[in-house]
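The values are calculated or read from the model by the stated rules, or taken from the named source; none is laboratory data. Worth saying up front: this structure is predicted, and the values here are computed from it rather than measured. Because the Cβ atoms are built from the backbone with ideal geometry, glycine has one as well, and the counts that use them run over all protein chains shown. The accessibility values were calculated without ligands, DNA or RNA, using every heavy atom of the protein model including side chains. Shrake-Rupley method; radii C 1.70, N 1.55, O 1.52, S 1.80 Å.
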Amino acid sequence: MSSASAEQRREQLVALFEDVKTCTKCPLHETRTKAVFGAGNADADLMFVGEAPGAEEDRQGLPFVGRAGQLLNQMLDGIDLSREEVFIANVLKSRPPGNRDPQPIEIEACRPYLFEQVRLIEPTVICTLGNFATKLLTGNPAGITRVRGTPQVHELGGRTVFLLPLFHPAAALRTPAVKETLREDFATLPGLLAMGPPAGNDEPVEQSLEDEPPDIEPEPLSAADQLDFFG
Ligand code: URA
């Protein structure tokens with residue numbers, strides 16, 4: 001547990017936000033409109049990590065404000081949570097042009113920001129949304145279709161957390177069965193949150209890469225909706 005108070009951690013998160021806004025550590029700063037730090041409750045128990053901002057997120061400087069974000073709102077609503085109660089972030093804080101895949105140099109530049117967010121927010125559960133965030137944060141190449149819905153225990157940002165891989169909401173928008181699975185996986189979150197932090201076991205659940213089903217990749221999104229800033 002951190003010795004810093006929630007207020008101190010929030011102040012440090014605001015300072016980190018200022019760093020991210022002006023970050024020039026990778027070439028994406030040349031093409032982005034706004035950096036997308038993340039938004040929600042600075043002291044949230046539950047954190048979501050997506051891939052990277054899309055066009056609308058880049059325009060507004062807020063995460064998941066397109067159609068995928070609307071579905072994320074609906075899923076949260078289904079378990080009586082709102083965006084204001086959780087923290088929503090991405091692996092990359094700047095939009096890759098044309099929503100192309102994040103490049104290694106961009107991931108390396110942004111990775112410390114995400115881990116610092118985890119350290120300061122102190123979530124007990126982190127949901128990775130889609131293949132990209134899941135593979136990066138689990139350190140395991142197993143695809144999302146295989147690992148989704150089963151909590152793992154990992155040490156991230158100096159904290160032992162439950163990591164719950166979920167389908168990306170963009171994939172759920174495309175495929176009704178994926179949406180239903182996402183809803184079912186969301187329904188497990190209240191129980192996982194009620195367990196509190198995992199007891200220091202940083203061993204991820206064993207994964208076999210044999211017979212891996214094909215992955216369902218997210219697609220770029222653009223439409224807008226609302227979001228507050230972190231508070
Ligand atoms: N997709 C993501 O992965 N992140 C966003 O913020 C929006 C869409």
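The rows are residues; the columns are (1) within 14 Å of Phe48 (Cα to Cα); (2) of a type in the set (A, V, I, L, M, F, W, C); (3) surrounded by fewer than 20 Cβ atoms within 10 Å (Cβ to Cβ).
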position	(1), (2), (3)
Glu116	no, no, yes
Cys127	yes, yes, no
Phe132	yes, yes, no
Lys135	no, no, yes
Gly143	no, no, no
Val147	no, yes, no
Gln152	no, no, no
Leu163	yes, yes, no
When you go through (1) at pLDDT 95 or above; (2) out of contact with any Gly (no Cβ under 9 Å at 6 or more places or on another chain) one by one for Ser3, which number turns out not to apply?
(1)
I'm told Ala15 meets every condition in (1) among the hydrophobic types (A, V, I, L, M, F, W, C); (2) part of a helix (DSSP H, G or I); (3) closer than 23 Å to Leu81 by Cβ except one. Can you identify the failing condition by its number?
(3)
Given the criteria farther than 30 Å from Ala6 by Cβ, touching a residue at least 12 places away in the same chain (Cβ under 8 Å) and open to solvent by 10 Å² or more (accessible area, probe 1.4 Å), does Lys179 qualify?
yes
Among the residues of region 99-107, is any within 14 Å of the ligand (Cβ to nearest atom), touching a residue at least 60 places away in the same chain (Cβ under 8 Å) and surrounded by 24 or more Cβ atoms within 10 Å (Cβ to Cβ)?
no
Within 14 Å of the ligand (Cβ to nearest atom) and under 27 Å from Glu18 (Cα atoms) - does that describe any residue in region 146-168?
no
